[in-house]
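The block underneath contains the structure these notes are about, expressed in structure tokens.
The values are calculated or read from the model by the stated rules, or taken from the named source; none is laboratory data. These numbers come from a predicted model, not from an experiment. Methodologically, a virtual Cβ is constructed for each residue, glycine included, from the backbone with ideal geometry; neighbour enumeration extends over all protein chains shown.
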Amino acid sequence: MELFYALTLIAGILLAFLLWVLIEASYHSFKTKTPEVDQPSKLSFYNWLFTMIENLANKLARLGICKKHILIRMFSNGLIAWKSSELLIKDLHFGEVPVRIYLPRSPSASKRRGVILFHGGCGMYGSIRSHERICQQLAKKSDSVVVSVGYRLSPEHRYPTQSLDCINATIHFLKTAENHGVDPDRIIVCGDSAGGTFATATCQELQNRTDIPKIRAQILIYPFVQAVNLNLPSHQKNASSGLLSLERMVSFTLMYLRKDCSLTGDILAGSHVPESMRLKYRKWIHPDLIPEKFKQDYKPPLPASYIPQVHEEMKETFETRFSPLLAEDDVIGRLPDTCIITCEHDVLRDDGLLYKKRLEDNNVKVTWHHIEDGFHGVLCFLGYGIFSFPSASKIMDHIVNFIKGF
């Protein structure tokens with residue numbers, strides 16, 4: 001009888017704990033603004049589900065049961081995808097970096113294009129598995145050999161391990177492309193969100209190498225490219241929209257860099273940026289550089305109060321490996337043809353717009369697609385049938401058409 005009462009008590013505590021998590025998630029989701037996307041109720045459900053997972057992860061972390069990022073990773077990896085019979089799929093290592101290669105089984109009259117994909121996830125989440133459906137569709141629809149890079153994640157592996165893994169995997173593929181039936185002069189790098197950061201940072205760092213083929217093009221899907229100004233029009237408009245709120249983005253950035261998340265408020269206020277640096281980068285990062293149609297209801301923020309200690313703590317954010325938009329013109333001007341995809345309901349929309357302008361100002365050919373009903377992370381729902389979004393298919397079609405041009 002005592003065992004029965006003990007089990008009943010434990011079950012009651014667990015049920016109360018779960019109910020607490022559900023109520024809190026519902027409260028936070030209620031405060032979140034659902035943007036005018038196609039199928040908004042579906043996005044609302046996903047946001048509620050992610051908020052619940054995040055709240056549960058926070059509580060388990062405080063109890064010392066499970067680290068926060070572990071539970072979120074399980075969610076972000078998604079469901080296991082069926083392997084397409086049209087593709088030969090192989091798991092290999094490029095040096096020390098695990099990769100998965102997707103090769104079309106149909107014969108080709110010549111060597112194929114190669115696409116290197118870096119998954120998003122703030123450098124902490126996502127994996128080869130999370131982007132399995134994306135890579136399979138990419139390989140089939142573009143008739144290209146796709147390489148998905150499983151770079152090591154933070155916080156287990158300190159920044160800039162993630163970027164270095166992407167660079168090393170790219171070098172390996174450029175040198176060995178022909179072994180995989182790929183034309184080394186037709187290799188494209190691609191990434192979504194943080195993966196877009198890694199993609200363009202890789203292009204920047206390899207552009208002067210003469211011992212390897214040149215990267216032919218880059219595809220940047222709602223990329224993160226700067227942390228100097230977090231009060232641009234898209235930051236204000238989408239601060240509480242969709243799956244990636246502004247506060248969540250800053251919190252994840254701090255976790256990625258293994259910093260104290262109590263700095264979130266200071267970063268949002270811009271206290272990490274000295275006035276000299278703000279003036280230096282004004283020519284590249286400023287609301288005046290955003291087209292007027294994207295600045296509805298924008299309000300100039302109050303002047304930031306600079307805190308030297310916060311700047312010192314966040315100095316990595318001013319490295320071009322972390323914020324590729326801060327690279328000098330002689331670097332930007334040598335970047336390859338670029339496809340940039342932005343989404344209207346995305347805090348990072350203006351990052352893409354500013355990078356587009358920088359590239360065009362330096363005579364780099366840019367193909368730009370803006371998804372009016374898109375939101376950050378929408379591509380990751382590709383291939384989930386009724387649980388997907390039409391805008392994910394639009395993005396895939398734009399990517400495939402760009403790849404087919406090489």
Every pair of residues 6+ apart whose Cβ atoms lie under 8 Å, when the first sits in the range 220-233 and is at pLDDT below 95 while the second is surrounded by 24 or more Cβ atoms within 10 Å (Cβ to Cβ)
none
Quick check: is even one residue across the range 186-199 in a helix (DSSP H, G or I), among the charged types (D, E, K, R) and assigned by TED's automatic domain parsing to the domain that holds Cys339?
no
Test: residue in the range 96-116 that is touching a residue at least 12 places away in the same chain (Cβ under 8 Å), over 22 Å from Ala217 (Cβ atoms), in contact with a His (Cβ under 6 Å, 6 or more places away or on another chain) and in the same structural domain as Val146 (by TED's automatic domain parsing):
no
Can you find a residue in the range 331-353 that is among the polar types (S, T, N, Q) and buried (at least 17 other Cβ atoms within 10 Å of the Cβ)?
yes
Picked from the range 362-374 (must be out of contact with any Asp or Glu (no Cβ under 6 Å at 6 or more places or on another chain) and not β-branched (Val, Ile, Thr)), the residue farthest from Pro390 (Cα to Cα) is Asn363
Kindly indicate the residue of the range 154-183 that is touching a helix residue (DSSP H, G or I) at 6+ places or on another chain (Cβ under 7 Å) and free of Cβ contacts under 8 Å to residues at least 40 places away in the same chain and also surrounded by the most Cβ atoms within 10 Å (Cβ to Cβ) among those meeting that condition.
Gln162
For the range 249-291, give me each residue that is surrounded by fewer than 19 Cβ atoms within 10 Å (Cβ to Cβ), out of contact with any helix residue (DSSP H, G or I) (no Cβ under 8 Å at 6 or more places or on another chain) and in contact (Cβ under 8 Å) with a residue 60 or more places away in the chain.
Arg258
Out of Leu92, Leu60, sole residue that is of a type outside the set (D, E, K, R), in a strand (DSSP E or B) and free of Cβ contacts under 8 Å to residues at least 24 places away in the same chain:
Leu92
Which one of Ser234, Ser240, Ser245 is surrounded by 23 or more Cβ atoms within 10 Å (Cβ to Cβ) and among the polar types (S, T, N, Q)?
Ser234
Which residues, counting only those in the range 41-61, are of a type in the set (D, E, K, R) and modelled with pLDDT of 90 or more?
Lys42, Glu54
Within the range 269-313, count every residue that is assigned to a loop (DSSP other than H, G, I, E, B) and either in contact with a Gly (Cβ under 8 Å, 6 or more places away or on another chain) or not small (Gly, Ala, Ser) (or both).
23
Qualifying positions in the range 191-210 - surrounded by 24 or more Cβ atoms within 10 Å (Cβ to Cβ) and in contact with a helix residue (DSSP H, G or I) (Cβ under 6 Å, 6 or more places away or on another chain)
Gly191, Asp192, Phe198, Thr200, Ala201, Thr202
